[in-house]
Amino acid sequence: MTFRFFTFLICIGVYSIAYTSANAQTGASGRVEKFRALYEDSSGVWIDSLPTAEDSVFIKNKKYYFTGVNSRGKETGLDAFDDLTLNLSLTVGEEEERQLGWFTRAVSWTGNNLIRILSLTFYDPEWGANRYFFNAETFANDLKVINQLYNDKGYFDATIVKYTAKFDKHRESIEITIYIYEGEPTTLAEDPDIHIQSPIPVADPGSKFQRKKILPLLTTRKGDPLDRINIESSKAAIQRLFSQNGYFAAEVTELIDTASTEKRKARLEYTVTPGRYAVFGKTKMQGNYYKDYLPKGTTPDTTDKIVEDYVPLRKVRYREGRPFNPDRLNLSMGQINGLGVFRSAKPIMNKVRGSLDSSTMVPSEKLDSILHKSSNRITQKGAFLPDYGIPVDTLHITIAVAERKERSIKPGVGFTTDFSDLPEGEAHWGNLPFLALQLSWQSRNFYGGARKMQVSAQVSKGFEQDKFFANFMETKISFRQPTFKIPMWDDADNDLLTTLSAQRNNTVSYDAVTVEVTPTIIRQITAALNVNFTPFAFKAVDTRRAATTNDINEAFTTNTRAGLTYNTANDFFYPTEGVSIFLTSDFAGFVLPSDLKFIKLNLDNRKYFGLTDRLSLAVRARGGSAIPYEGSKGSEIPVTEKFYGGGPNSVRSWGIRELGIVAQNGGTLTYSGGNSIMEAGVEFRYLLYKARDPNEAILGMDLAVFADYGKVWERYDFKNNSYNGKRLPAMPVAAVGLGTRIRTLIGPLRVDVGYKLQDVSKLKVLNASGTAVENITRDNADNISRIALQVTLGQAF
């Protein structure tokens, strides 16, 4: 009975499966032709791997691959774009909403990002991710996007020759290969023409609107491809030039002529419509009173100012009656926000239209003659513009500010992997991560006037003899007085920063306690240029341990310092264009009495190049020298003022402060700095992965290949001393390596592996007493690894 029953069930099951399959095929037969048209490539070949029985399909992932073909149909590479650029420009379909618990989301997020990091690729298993709703319409839109990208790049002949697609064996992802004929780009036959279109004369007292002065600002010139990005960049440059000189509403359009030129050649004309001329008017404050943090039910008192209005108004970098310049306005807002007492500061503009008085205007015959010679421009400096038919609008500025909490306490916890930079007594702990703790208190409006008071303490690293041991401790009190007026400037655009700090630094190179008082005047000249000046600083150094016996034990110095920072990099974390220059100078003992007298100069120059959409180049060159003068304690430089090399931001095959003068005492190596340094670095950075969502924890990943070079010398003239008639050879250090940068919301997490190119067994070192030059022992050479791992936050340069 049982056997018959199960046999009956099996027969029913087989019949049901067969019946369902037959009906599915019959139902699908009417739709196959429809999907042949939807998923058929341009060569007429039906892509069998695409779905034919449903209008759409849910998939976990959709991948596009791109292959270039020439006019003969032979596969080649792509010239105009790469896979990443094209993929980031395409859609991914509509996502299916999935309700996941918090535990599932947390585990999925951890697993996905861990695999991304460990594999050093953009591969994401997408555990717990939403599936994509892929259909023919999505695919067709992506093909249109590709065509538009090539048109914007100047490849007007580019066409999609064919495409193929396939599912994986689980039908959870689809891979599509698109074959593209790029052709040749259309280039400019000559430099662009620039035409100013205005019914009234244009104010140009500096003759800045001449074509010959505008052309150097353009990124598209004769012979360049007709790239839409470069065209828009050139339009923005022209618009910025006019906006910086009173025409803030200027509009720029382009006209591309391909009909009157030879094949793949074009002419380009920019037309500028300046609009009306405007100048800065009066500036006032709004919202500068306590209102957000009052007790409940309390009516705000508009006379109870957060700071007096003149404090933020002193940070304004424009003057009434001068041509309106949005850059000056933005710089002013940045300076006011920099005071720290407001949560935000935003400008509100009120325009008052100017008018003309015909009774005072220049006679029309004379005006026509002037405009004819200058192409409708008034170039006379100091001319009263309404007399020449130019109405002048006035833009009055209201700066609306929002209140911010005035006091805050910020704790901080971190760790370091700088295993090599350990005192001898701490070395038995081996390669352990060491804590870094920080605590700060600050008042952003200390006794009014936007004065800032901050007290901070920092302690970091390690243990010694089973007790917490800090080989770096610092306590700092800083006071910042904004809008500080000094005799050499008529304005008060300066800040006075006074710092009192006490620091102990116990490293492989030295153990020193430093106490310093430093008043510094800071001035932001432009958005890119910052200068600072310290008329006098008092510094006391107590050296408890040094690498050599010649180093000074105690010293008191008075220092005069000056420096500047010039930074035009286009991105703080991931620059691909621009330059950064850091110049510092220190003159000890030249103004006030000092135990030591020396000059210390340091120049750090960095340049960034965007080679492609994914590849960039960063170049760095640094040089510094400390020049001693005879003082009451000789001509030495304190250990805290010497130059040290090595580490994650220097030559990356060596640990921090290991690049310098090396001495050996038995099986122990000590490292001391020098009076001069030279470093150089080259790094290629390749964007491997970039997240579509800017709010993701991991925003992308870069790979880097780098080469570093550096030297440290004992003397200021880039030479070493002689010992018993034998000069210590300079140790040239070169390194090559690989690294990765994981893009996070707080900046790049950088992991670099550097390899020493020199043979450390041939290293010349000082003996224990520092009186003779000798070869490094084999055991000490074996203790220096040729590979160094550097883990830190931020770029190397």
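Please verify whether residue 351 is part of a strand (DSSP E or B), within 30 Å of residue 208 (Cα to Cα) and of a type in the set (D, E, K, R), treating the condition exactly as stated. In short, yes.
Scanning the range 741-762 for residues that are in contact with a helix residue (DSSP H, G or I) (Cβ under 7 Å, 6 or more places away or on another chain) and touching a residue at least 40 places away in the same chain (Cβ under 8 Å) yields a total of 1. The set of residues in the range 586-606 that are surrounded by 16 or more Cβ atoms within 10 Å (Cβ to Cβ), part of a strand (DSSP E or B) and either of a type outside the set (Phe, Trp, Tyr) or touching a Pro at 6+ places or on another chain (Cβ under 9 Å) (or both) comprises 586, 588, 597, 598, 599, 600, 601, 602, 604, 605, 606.
Can we say residue 609 is touching a residue at least 24 places away in the same chain (Cβ under 8 Å), among the aromatic types (Phe, Trp, Tyr), surrounded by fewer than 18 Cβ atoms within 10 Å (Cβ to Cβ) and over 29 Å from residue 526 (Cβ atoms)? Here the answer is no, as residue 609 does not meet what is asked.
Report, by residue number, each residue of the range 686-695 that is in contact with a helix residue (DSSP H, G or I) (Cβ under 9 Å, 6 or more places away or on another chain) and either open to solvent by less than 40 Å² (accessible area, probe 1.4 Å) or within 17 Å of residue 740 (Cβ to Cβ) (or both). Matches in the range 686-695: 687, 688, 689, 690.
Restrict the check to the range 665-685 and report whether at least one residue is open to solvent by 30 Å² or more (accessible area, probe 1.4 Å) and touching a Phe, Trp or Tyr at 6+ places or on another chain (Cβ under 6 Å). Yes, the conditions are met somewhere in the range 665-685. Only residues that are in contact with a strand residue (DSSP E or B) (Cβ under 7 Å, 6 or more places away or on another chain), in contact (Cβ under 8 Å) with a residue 12 or more places away in the chain and either outside any strand (DSSP E or B) or within 21 Å of residue 335 (Cβ to Cβ) (or both) were counted across the range 502-533, and they come to 14.
Can you give me the number of residues within the range 208-231 that are closer than 21 Å to residue 377 by Cα, open to solvent by 90 Å² or more (accessible area, probe 1.4 Å) and not in a helix (DSSP H, G or I)? Total meeting the criteria: 1.
Looking only at the range 639-685, residues that are in contact with a helix residue (DSSP H, G or I) (Cβ under 8 Å, 6 or more places away or on another chain) and within 30 Å of residue 745 (Cβ to Cβ) come to 0 in all. Residues that are over 36 Å from the mean Cα position of the chain (by Cα) and not in a loop (DSSP other than H, G, I, E, B) within the range 161-194 comprise 161, 162, 163, 164, 165, 166, 167, listed in sequence order.
For the range 262-286, filtering for residues that are assigned to a loop (DSSP other than H, G, I, E, B) and surrounded by 15 or more Cβ atoms within 10 Å (Cβ to Cβ) leaves 4. Under the condition of being among the basic types (Lys, Arg) and more than 33 Å from the chain's Cα centre (by Cα), the residues counted in the range 272-321 number 6.
Among residues of the range 182-197 being within 23 Å of residue 273 (Cβ to Cβ) and of a type outside the set (D, E, K, R), the one that is surrounded by the most Cβ atoms within 10 Å (Cβ to Cβ) is 192.
The set of residues from the range 761-790 being in a loop (DSSP other than H, G, I, E, B) and within 16 Å of residue 661 (Cβ to Cβ) comprises 763, 767, 768, 769, 770, 771, 772, 776, 784. Just one residue in the set 283, 302 is among the polar types (S, T, N, Q) and in contact (Cβ under 8 Å) with a residue 24 or more places away in the chain; that residue is 283.
Of all residue pairs spaced 6 or more apart or on separate chains, those with beta-carbon atoms under 6 Å, a first member in the range 694-720 that is more than 24 Å from residue 654 (Cα to Cα) and a second member that is among the β-branched types (Val, Ile, Thr) are 701/742. What pairs come out if I take residues in the range 70-89 that are under 14 Å from residue 178 (Cβ atoms) and part of a helix (DSSP H, G or I) and pair them with residues that are open to solvent by 50 Å² or more (accessible area, probe 1.4 Å) and at pLDDT below 80 whose C-beta lies under 6 Å away, six or more apart or interchain? Sorted first by the residue in the range 70-89, then by its partner, the pairs are 85/613. Out of all the residues in the range 245-258, is one or more more than 29 Å from residue 384 (Cα to Cα), loosely packed, with under 15 Cβ neighbours inside 10 Å, among the polar types (S, T, N, Q) and modelled with pLDDT under 90? Looking through the range 245-258, none of the residues is more than 29 Å from residue 384 (Cα to Cα), loosely packed, with under 15 Cβ neighbours inside 10 Å, among the polar types (S, T, N, Q) and modelled with pLDDT under 90.
Within the range 740-786, the set of residues being at pLDDT 85 or above, open to solvent by 40 Å² or more (accessible area, probe 1.4 Å) and over 19 Å from the mean Cα position of the chain (by Cα) comprises 753, 755, 757.
The values are calculated or read from the model by the stated rules, or taken from the named source; none is laboratory data. The structure presented is a predicted model; accordingly, all values stated were derived computationally and were not measured. Quick reminder, even Gly has a Cβ in these numbers, built from the backbone with ideal geometry, and neighbours come from all protein chains shown. For the accessible areas, the whole protein counts, side chains as well, though only heavy atoms, and no ligand, DNA or RNA atoms are used. Shrake-Rupley method; radii C 1.70, N 1.55, O 1.52, S 1.80 Å.
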